[in-house]
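The values are calculated or read from the model by the stated rules, or taken from the named source; none is laboratory data. For clarity, every value in this text was computed on a predicted model and none was experimentally measured. Here the Cβ positions follow ideal geometry from the backbone for every residue, glycine too, while neighbour counts run over all protein chains shown.
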Amino acid sequence: MTPNLKHLHPYPFEKLAQLKQGIVPPENKSHIALSMGEPTHATPHLIQEALLTHLHGLANYPTTKGIPELRQAIAGWISRRFQIPADAVNAETQILPVNGTREALFSFAQCLIDPTKASPVVIMPNPFYQIYEGAALLAGAEPYFLNTLEDSGYLPDFDAVPDEIWQRCQLIYICSPGNPTGSVIDQASHEKLLNLAAKYDFVIASDECYTEIYDDESNPPPGLLQTAYNMGNSAFKRCVIFHSLSKRSNAPGLRSGFVAGDAELLKHYFQYRTYHGCAMPLPTQHASIQAWQDEHHVIENRRLYREKFAAFIDILGDVCTVIKPPASFYVWLKTPIADTEFARQLFAQQNITVLPGSYLSRDFGGINPGLNHVRIALVAPLDECIEAAQRIKNFLNSL
């Protein structure tokens, strides 16, 4: 076995299962799961119909690059969504379909990191999606954490990174909108990071899987390629973005997403993927085409989340500080007691599962930014979110 396996931490949901072990919640209260970011809104019929229509495609091996129609549909969506000219993204050389962003975020580091160079570093936000850390460790790199704290709007402070770390950095993961905070990296911060990447020659992996769930219809979160193009980096050098249909289209089981950006990087990543064995099944590709070409279901999706945020915050607002994030479907709630104890007691007394913030972060620089927070995913139906808010309110009052 690779010796790097020993460096991996247990996954957050493994820790959560252990935290809840042996607890018998009240039988008269149905369980409400708000711990996992798994959308429960209905998967659009157009996706389901396309899958059924193209089931005959199961008789064929899919190609790693995917069918041209899918890559063209993705290129068209990028152009419309991020206000980039239609010919700016080459569907042949700058887009690859992937089986969800989780798979791609992990495998991209395995392809990119050169462990023969002295002490390679992968930078990532803290708290973070644990795939970033695992990808860095198994690629033979050292994770370096950027604490995202309330004082900085829960955004990474690129100015706080020492020059020595930038010199060793081969890859930085950014997540905007952020998991678990919902914070959005603005164009100016993108520009700063792009200038740093050019100066120190590292790659930016921008996890944008929550980018289509935002509060203000007139102000969607900017994307990395959008900023790069506006800066004159029309080749998207050192830039790769990761998008998924899981959150955007309520299709986490479809396992469909894409990577796009720097053609030179994607040429090597494509070669890696031909050995990786991760081609997207043809029915999934056809269903994905329909999803990327339709915005009506995405607009409705955002409306449903706004409705849940409004109801949830209205109930809890007079007993605690609840900040509505600009994007994502998470509430990053401060806890009056230790986050693990809060989660444990909430489950024991109210049969609600939330995720302790410390399970999503690491101690770094004497700080664990996830301590005394819990992540609440407003993925349940509206009536369950309302019921959950009322129970959490009762629980907070009992403290």
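Out of curiosity, is residue 165 buried (at least 21 other Cβ atoms within 10 Å of the Cβ) and modelled with pLDDT of 95 or more? It is false that residue 165 is buried (at least 21 other Cβ atoms within 10 Å of the Cβ) and modelled with pLDDT of 95 or more. Screening residue 120 on (1) within 23 Å of the chain's Cα centre (by Cα); (2) crowded, with 19+ Cβ neighbours inside 10 Å shows it passes everything except condition (1). Among the residues making up region 356-374, those that are in a strand (DSSP E or B) and either in the same structural domain as residue 147 (by TED's automatic domain parsing) or in contact with a helix residue (DSSP H, G or I) (Cβ under 6 Å, 6 or more places away or on another chain) (or both) are 356, 373, 374. Using the structure shown, decide if residue 296 is surrounded by fewer than 17 Cβ atoms within 10 Å (Cβ to Cβ) and either among the small types (Gly, Ala, Ser) or within 17 Å of residue 245 (Cα to Cα) (or both). The answer is yes for residue 296. As for region 200-222, it holds at least one residue that is in contact with an Asp or Glu (Cβ under 8 Å, 6 or more places away or on another chain), more than 16 Å from residue 81 (Cα to Cα) and either part of a loop (DSSP other than H, G, I, E, B) or at pLDDT 95 or above (or both). Looking only at region 14-54, filter to residues that are under 23 Å from residue 358 (Cα atoms) and free of Cβ contacts under 8 Å to residues at least 24 places away in the same chain; which one of those is farthest from the chain's Cα centre (by Cα)? Looking at the filtered set, the residue picked out is 22. Within region 79-106, being of a type outside the set (Asp, Glu), within 15 Å of the chain's Cα centre (by Cα) and under 20 Å from residue 203 (Cβ atoms) holds for 98, 101, 102, 104, 105, 106. Annotation: of all residues in region 84-140 being under 27 Å from residue 66 (Cα atoms) and among the acidic types (Asp, Glu), the one that is modelled with the lowest pLDDT is 87. May I ask you to verify whether residue 288 is surrounded by 17 or more Cβ atoms within 10 Å (Cβ to Cβ), under 21 Å from the mean Cα position of the chain (by Cα), in the same structural domain as residue 202 (by TED's automatic domain parsing) and closer than 18 Å to residue 80 by Cα? Criteria met by residue 288. Entry remark, region 310-346: residues being over 23 Å from the mean Cα position of the chain (by Cα) and either in a loop (DSSP other than H, G, I, E, B) or buried (at least 22 other Cβ atoms within 10 Å of the Cβ) (or both) number 11 in total.
Yes or no: region 233-242 includes at least one residue that is surrounded by fewer than 22 Cβ atoms within 10 Å (Cβ to Cβ), among the polar types (S, T, N, Q) and in a loop (DSSP other than H, G, I, E, B). Checked against the condition, which is being surrounded by fewer than 22 Cβ atoms within 10 Å (Cβ to Cβ), among the polar types (S, T, N, Q) and in a loop (DSSP other than H, G, I, E, B), region 233-242 yields at least one hit. Determine whether residue 229 is farther than 27 Å from residue 164 by Cα and touching a residue at least 12 places away in the same chain (Cβ under 8 Å). In short, yes. Elements of the type strands (runs of 3 or more DSSP E) sitting completely within region 75-171 and holding at least 1 residues that are β-branched (Val, Ile, Thr) and in contact (Cβ under 8 Å) with a residue 40 or more places away in the chain: these cover 95-98, 121-126.
With respect to the stated conditions, residue 209 fails to be crowded, with 21+ Cβ neighbours inside 10 Å and free of Cβ contacts under 8 Å to residues at least 60 places away in the same chain. State all residues of region 346-399 that are touching a Cys at 6+ places or on another chain (Cβ under 8 Å) and either acidic (Asp, Glu) or over 16 Å from residue 323 (Cα atoms) (or both); if no residue qualifies, say none. Scanning region 346-399 gives a single hit, 396.
Restricting attention to region 39-74, which residues are of a type in the set (Val, Ile, Thr), closer than 14 Å to residue 254 by Cβ and assigned to a helix (DSSP H, G or I)? Residue satisfying the conditions is 47 alone.
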